[in-house]
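Derivation of every value follows stated rules applied to the coordinates shown; laboratory data play no part. If you're wondering where the values come from, they're calculated on a predicted model, not measured in any experiment. We place every Cβ from the backbone using ideal geometry, glycine too, and count neighbours over all the protein chains shown.
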């Protein structure tokens, strides 16, 4: 059964819930049984998250069941690494399966049903090559033509299929095809291949089999064996529903699950093709399936996305039959809303230059520490202590020698407030040999901490950290991995990769307390964005931080 989540997370009404309600009210079904059937040939991505939330969510809402079933019929591309990652991702999203199943659990029964089709004259062993099969299949405008091997006797087909099982044919030499209709307007019904020879060790069954069933043959039978009531897939399988139903109608199995199709999730600026994701990994363009720039579930997790934010995203986009492209901002809005409510605040200076309070230690400018709230609206998140001394770090973007009136930060002769601390006025600066500012000298307004002092009206607030008590750590900033909204449509999608999608800041100045941050923790770095502790490269006492998402309001500075 699924893990309980808040009532507010119930699946919004949609055409599938309407169908389920009608089925339950009419007595067609007295329960709901769904499944999530990924192929273990890669890591799950945001598109899978939509299916996970729907299938497990329906089971939760209707007090039914949902199996996690691995569609493991292609041993050449499948691996236990992917099986383990899929289980981990489903659990992380907040769901628990009723049972774990594998299509390979049913290989013996699938073989038996294939023999049954042969014995009914509805399947035959074909010796056409894969290229010839494609040629014979025809086009959308022209019917296919029958294979010269189509009308073999039942006895010959059975004997040849058993030879296939015994490993007496080479890969691609023969296959088993369903005998349906080579003139069908639906190409998937033109004698589809249902078994092929593959000499590859299977992750579960090892070397027991050298023939493997095709997806369209396996999927519907697996649904029937498991008693699935509502088999949900995406619209590209709509025509395949005819083959789904044909197989079940012509074998001796009682259950008759029905397939329902919904639109897939197309997310702007992302890739969900496993083949292309795998290429990004193999080419070293990203540092693994969990790279924070990818919209794999593991990549989103490492980026700092929460399970609740992804579930909320899937709720917001809904379930329809209409194909559309969802803007990346919709996903970012969900995590921003989540972290705005739940992430403690901290100060971090990503591009530090030194700020010296020249009158520090004089009367009214003697503070050494402050106790401040971790969240402006969440007392339950507690407080923390930050220190202050004569030397601080501020961000280089927060100081200009001269700037126009729109610049609300620190400039010579003008005042700003240091966050949670003094009002200061810039009096001078030091530069290196290249003319770059390295040190800013200020004087603090005495007794101005948390107070309004007559004659002093600072135009802005800037953040800072104590230069003598801070953590110098690594921060990773991210932009979109691709330079175009639809990289998957490009002739060479690798040419659309944004070479500046990751910026590494090696020596950011962070609040001292952040040195003890643990993997899984997220923070709002004030005025910078939301960040999380990287799960791959962080070590005890040396966390590395990844940008999750920018703050709600990002303003360009006019100078």
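Summary of computed values
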item: Paramagnetic reach from residue 150 (point 7 Å along Cα→Cβ, amide N under 15 Å) across the range 157-181; result: 177-181
item: Antiparallel DSSP beta bridges within the chain, as percent of all bridges there, nearest 5; result: 65
item: Separation between Cα centres of the range 10-30 and the range 48-95, rounded to whole Å; result: 22
item: 190, 242 arranged by Cβ crowding within 10 Å, fewest neighbours leading; result: 242, 190
item: Euclidean distance between Cα centres, the range 290-334 to the range 394-461, Å; result: 40
item: Translational diffusion coefficient (Stokes-Einstein; Kirkwood radius from C-alpha pairs) of the range 462-534 at 10 °C, 1.306 mPa s, in µm²/s; result: 109
item: Extension gain, residue 279 back to residue 377 (0.36 nm per residue minus Cα-Cα distance, nm); result: 30.8 nm
item: Tensor-based shape of the range 288-342 (alpha-carbon gyration tensor, a/c under 1.5 rounded, otherwise prolate or oblate); result: oblate
item: Rounded FRET efficiency, nearest 0.05, which uses the C-beta distance separating residue 498 from residue 390 and R0 of 60 Å; result: 0.90
item: Set of the range 175-212 residues, backbone N closer than 20 Å to the point 7 Å along the Cα-Cβ line of residue 139; result: 182-191
item: Burial ordering of 387, 295, fewest other beta-carbon atoms within 10 Å first; result: 387, 295
item: Gap separating the Cα centres of the range 110-170 and the range 466-536, nearest whole Å; result: 54
item: Least to most buried among 464, 246, 92 (fewest other Cβ within 10 Å first); result: 92, 246, 464
item: Label-point gap, in nm, between residue 454 and residue 63 - each point 7 angstrom along Cα→Cβ; result: 7.2
item: Computed label-point distance, nm, for sites residue 486 and residue 330 using a 7 Å Cα→Cβ extension; result: 1.5
item: The range 152-288 shape via C-alpha gyration tensor axes, a/c threshold 1.5; result: oblate
item: Peptide ranges 160-167, 262-269 listed from the most packed, as the mean C-beta count within 10 angstrom indicates; result: 262-269, 160-167
item: Two-site label geometry, residue 406 and residue 235: point separation in nm, points 7 Å out along Cα→Cβ; result: 4.2
item: Cα convex hull of the range 220-315 - mean projected area over all directions, nm²; result: 8.2
item: Cα gyration tensor shape for the range 371-469, rounded if a/c is under 1.5, else prolate or oblate; result: prolate
item: Gain on full stretching of the segment that runs from residue 96 to residue 199 - 0.36 nm per residue minus C-alpha separation; result: 33.7 nm
